[in-house]
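Trainee: Below you will find the structure I want to go over with you.
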Amino acid sequence: MPEPALPTAQELPCQRHLFEVPEAVSYLDAAAWSPLPLCVRAAGETGLLTKSRPWDHPREAIPAQVERARAAAARLIGAESDDVAIVGAVSQAMAIAARNLAPIPGGRLLRVADEFPSLRFAFDRLAAAQGLTVEEVVRPPDGNWTAALLAAIARPGAPPLALATLTPLHWTDGSLIDLDRLAPAVHATGAALVIDATQAVGAIPVDVARWRPDFLAFPTYKWALGPYGLAFLYAAPHRQDGTALDEHVGNRPAAVGARRYDRGELNDPVALPMASAGLELIASWGVPVVAARLRGLTDRLADALDVLGLEIAPRNLRAPHILGLRRPGGLPAGFIEGLRRDGVFASVRAGALRLSPHVWVNDDDLARCVAAIRNGLGGAA
């Protein structure tokens with residue numbers, strides 16, 4: 001059977017020229033970590049020279065880089081700079097959030113099943129300390145996480161909702177978790193809301209003014225096209241007088257806004273300019289424009305792969321930028337290694353093949369990916 005045609009996505013021109021991705025490599029694994037744009041690499045190299053020859057670069061210039069990165073992060077989530085802290089990882093951000101929440105004892109902590117560890121561990125400890133019941137909503141048979149979560153929030157006879165730790169999509173396969181519908185339902189109960197936006201910021205619109213979380217965090221090494229070891233924490237204004245994880249001169253109680261939660265050794269001349277360059281590059285395209293292109297890419301993959309007998313969520317139940325594929329009985333042994341031999345890079349998470357293209361992906365990448373998946377499944381039609 002001939003493969004379905006792959007029409008060209010028109011939302012945003014392919015940006016491959018801004019990256020170092022070889023022609024023979026089809027990298028569809030941005031949800032794991034992204035390659036660096038050339039401008040981000042250049043910013044890092046300049047930062048390394050700064051650290052290598054500190055006598056040529058006054059330290060007094062570094063705080064401006066801190067605020068540049070903070071402002072760039074704030075712009076991508078609709079926040080003010082004063083509402084954003086700079087931390088080392090999302091796990092650190094979640095530990096800060098858990099440390100500064102005091103949910104109703106005996107209430108419920110609500111989350112989805114198979115959640116990423118950084119959104120579980122700190123809150124498991126909080127639940128144990130506060131006597132919370134941890135309720136994990138199981139994967140719904142119809143794939144509609146939003147409906148399942150809404151039903152759980154409103155479940156008659158359940159303990160009061162004290163805290164919801166949610167994400168805009170399930171990290172394993174891109175299944176949509178619609179916070180535009182869920183956030184108001186959480187707020188209506190009086191519960192706190194914490195959002196891990198790791199798999200969202202940079203790829204789809206994120207708006208703290210619309211969702212009104214108590215805390216929201218994201219790193220730079222995935223969709224934000226930045227370095228490893230750097231993340232940002234949004235703290236709502238009423239959550240900015242809490243306790244930091246570490247104590248240093250930069251985050252004493254007199255610190256303005258969410259800076260109270262800034263990490264130590266903040267003045268990094270390498271990572272901060274890299275993060276700024278990546279965040280500003282995304283802002284120059286516009287996140288809605290990026291999301292539209294990524295939706296076009298994942299839709300085309302879904303259409304082309306539908307004939308292979310794979311389980312693919314309907315379009316209205318999947319996020320624009322990640323396509324999860326499951327096979328009845330599971331994927332063959334060595335499947336992901338076979339894709340790599342064919343020059344296709346993706347991940348398997350919780351039994352799902354996770355395809356996560358970003359703006360460097362072109363038509364040849366999609367065709368190569370479809371062919372490799374077909375080969376890996378034994379040429380199934």
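The values are calculated or read from the model by the stated rules, or taken from the named source; none is laboratory data. Since the structure is predicted, the reported quantities are computational estimates derived from the model, not experimental observations. So basically every Cβ, Gly included, is an ideal-geometry build from the backbone, and we count neighbours across all protein chains shown. SASA here: full protein model, heavy atoms, side chains in, ligands and nucleic acids out. Shrake-Rupley method; radii C 1.70, N 1.55, O 1.52, S 1.80 Å.
Trainee: Leaving out ligands and nucleic acids, note down the accessible area per residue over region 229-316 with a 1.4 angstrom probe, in whole Å².
Mentor: On the way: 3460 Å² over 88 residues.
Normalised by residue count, the accessible surface of region 229-316 is 39 Å².
Trainee: With every protein chain left in place, what is the accessible area per residue of region 27-184 in square angstrom, probe 1.4 Å? It would help to have the intermediate numbers written out before the result.
Mentor: Numbers: 6890 Å² over 158 residues.
Accessible area per residue: 44 Å².
Trainee: Taking the simple approach of a point 7 Å from Cα along Cα-to-Cβ for both residue 46 and residue 125, what is their distance in nm?
Mentor: Each label point is offset 7 Å from its Cα along the Cβ direction, giving 3.8 nm.
Trainee: Let me ask another. Highest GNM mean-square fluctuation, the chain, Cα pairs closer than 10 Å: which of 147, 197, 235?
Mentor: Comparing 147, 197, 235 in a Gaussian network model of the chain, the most mobile one is 147.
Trainee: Pick the calculated semi-axes √(5λ) of the Cα gyration tensor in Å for this structure from (i) 34, 29, 16; (ii) 28, 24, 23; (iii) 32, 28, 20?
Mentor: (i)
Trainee: While we're on this one: Leaving out ligands, DNA and RNA, what percent of the accessible area of the chain is carbon and sulfur, probe 1.4 Å? Walk me through the numbers before you get to the answer.
Mentor: On the way: 8710 of 15490 Å².
Carbon and sulfur together cover 56 percent of it.
Trainee: Of 175, 284, 118, which is the most mobile in a GNM of the chain whose springs link Cα atoms less than 10 angstrom apart?
Mentor: Judging by the Gaussian network model, the answer is 284.
Trainee: Same structure, new question: For region 63-135, with only Lys/Arg (+1) and Asp/Glu (-1) charged at the beta-carbon, what is the dipole magnitude about the Cα centre, in debye rounded to 20? Don't skip to the answer; put the middle values down first.
Mentor: On the way: 8 positive and 8 negative charges, 20 e Å.
Its charge dipole is roughly 100 debye.
Trainee: In a Gaussian network model over the chain where Cα atoms closer than 10 Å are linked, find which of 45, 136, 265 has the largest mean-square fluctuation.
Mentor: Sorting by GNM fluctuation, first place goes to 265.
Trainee: At what distance in angstrom do the alpha carbon centres of region 96-163 and region 249-304 lie from each other?
Mentor: Cα centres, region 96-163 to region 249-304: 27 Å.
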